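Comments concern the structure below.
The values are calculated or read from the model by the stated rules, or taken from the named source; none is laboratory data. All values derive from a computational prediction rather than experimental measurement. Note that we place each Cβ from the backbone using ideal geometry, even for glycine, and neighbour counts take in every protein chain shown. Heavy atoms of the whole protein, side chains included, go into the accessibility calculation; ligands, DNA and RNA do not. Shrake-Rupley method; radii C 1.70, N 1.55, O 1.52, S 1.80 Å.
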Amino acid sequence: QVQLVESGVGLVQAGDSLRLSCAVSGLTGTRNRVGWYRQPPEKEREQVAIENWGGGRTVYAASVKGRFTISTDIAKNTIDLQMNNLQPEDTAVYYCTVAPYDIGSGAYRYDYWGRGTQVTVSS
């Protein structure tokens with residue numbers, strides 16, 4: 001069973017930086033998409049950054065491109081999100097996710113989620 005545990009909850013000011021980390025356990029297989037989503041207050045969950053487990057095919061949301069950097073480390077079993085120049089609109093609960101490739105459907109299934117960690121950015 002895949003388990004994801006996020007760390008890095010923070011209350012920061014606009015312009016500050018923060019690093020989130022996700023510890024991954026129980027992950028098998030070689031084809032997985034991993035990354036971060038977030039859910040701002042009273043809004044839908046949205047994708048922030050996704051890439052292949054171990055790196056590659058990285059996709060960022062337009063709103064964070066150039067400010068956030070995702071990195072994955074297979075040896076350490078971690079998925080990190082470096083967030084720079086944070087803004088109040090980045091305030092959200094951030095979720096780590098893993099999507100194994102499903103041969104039957106030919107798609108990546110976002111089956112695994114962490115509990116989320118709160119990031120609050122004050123102006």
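If we only count strands (runs of 3 or more DSSP E) wholly inside the stretch 45-101, which ones have 2 or more residues that are open to solvent by less than 70 Å² (accessible area, probe 1.4 Å) and under 20 Å from SER122 (Cα atoms)? Steps first, answer last, please.
Working: elements: 46-52, 68-73, 78-83.
By residue number, 78-83.
Given the structure, is VAL93 under 25 Å from SER17 (Cβ atoms) and in contact with a helix residue (DSSP H, G or I) (Cβ under 8 Å, 6 or more places away or on another chain)? Spell out the reasoning first.
Details: under 25 Å from SER17 (Cβ atoms): yes; in contact with a helix residue (DSSP H, G or I) (Cβ under 8 Å, 6 or more places away or on another chain): no.
No; evaluated as a whole, the condition is false for this residue.
Specify which of the listed residues (THR117, THR91, THR28) is under 18 Å from VAL2 (Cβ atoms) and over 12 Å from the mean Cα position of the chain (by Cα).
Details: THR117 fails: over 12 Å from the mean Cα position of the chain (by Cα); THR91 fails: under 18 Å from VAL2 (Cβ atoms).
Going through THR117, THR91, THR28 in turn, just one is under 18 Å from VAL2 (Cβ atoms) and over 12 Å from the mean Cα position of the chain (by Cα): THR28.
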Review point. Hey, GLY114 hits all of (1) under 26 Å from GLY15 (Cβ atoms); (2) in contact (Cβ under 8 Å) with a residue 40 or more places away in the chain; (3) not basic (Lys, Arg) but one; which does it fall short on?
Key: (1)
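Hey, among the residues in the stretch 104-116 that are in a strand (DSSP E or B) and at pLDDT below 95, which one's most open to solvent (accessible area, probe 1.4 Å)?
Start the filter on the stretch 104-116 by keeping residues that are in a strand (DSSP E or B), which leaves 107-108, 112-113.
Filter once more, keeping what is at pLDDT below 95: 107-108.
Details: ALA107: 41, TYR108: 65 Å².
Out of the qualifying residues, it is TYR108.
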Point to revise | Single residue of ARG19, ARG38 found to be assigned to a strand (DSSP E or B), charged (D, E, K, R) and open to solvent by 50 Å² or more (accessible area, probe 1.4 Å) | key: ARG19
Check your understanding: For residues in the stretch 2-16 being open to solvent by 30 Å² or more (accessible area, probe 1.4 Å) and more than 12 Å from the chain's Cα centre (by Cα), which is nearest to VAL98 (Cα to Cα)?
Key -> GLN3
